[in-house]
Amino acid sequence: MNARPTELTATASTASAGALVRLQRLEALLNIAREKLALGEALSRADMQRLNAALDDMAAK
């Protein structure tokens, strides 16, 4: 790998930013699920699909 240090830093920052966005999305979905369940509501099929997709995305990266 012949990348300059600044290129490596930029790549690492971009990867970290992507991970942060995925983590924030997962957190938001978990908060929605927690609120619904606390109110005695069931999660919709769409809620579960979004949550599963976010979990799969985190596991894959």
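Assorted remarks:
- Arg4 passes every criterion in (1) exposed (fewer than 11 other Cβ atoms within 10 Å of the Cβ); (2) modelled with pLDDT of 95 or more; (3) basic (Lys, Arg) apart from (2).
- Within the range 25-56, the set of residues being part of a helix (DSSP H, G or I), open to solvent by 100 Å² or more (accessible area, probe 1.4 Å) and not acidic (Asp, Glu) comprises Arg25, Arg34, Leu37, Arg45, Gln49, Arg50.
The values are calculated or read from the model by the stated rules, or taken from the named source; none is laboratory data. Please read these numbers as outputs of a predicted model, since none were measured by experiment. In this analysis, Cβ positions are derived from the backbone assuming ideal geometry, glycine residues included, and neighbour counts consider all displayed protein chains. The accessibility values were calculated without ligands, DNA or RNA, using every heavy atom of the protein model including side chains. Shrake-Rupley method; radii C 1.70, N 1.55, O 1.52, S 1.80 Å.
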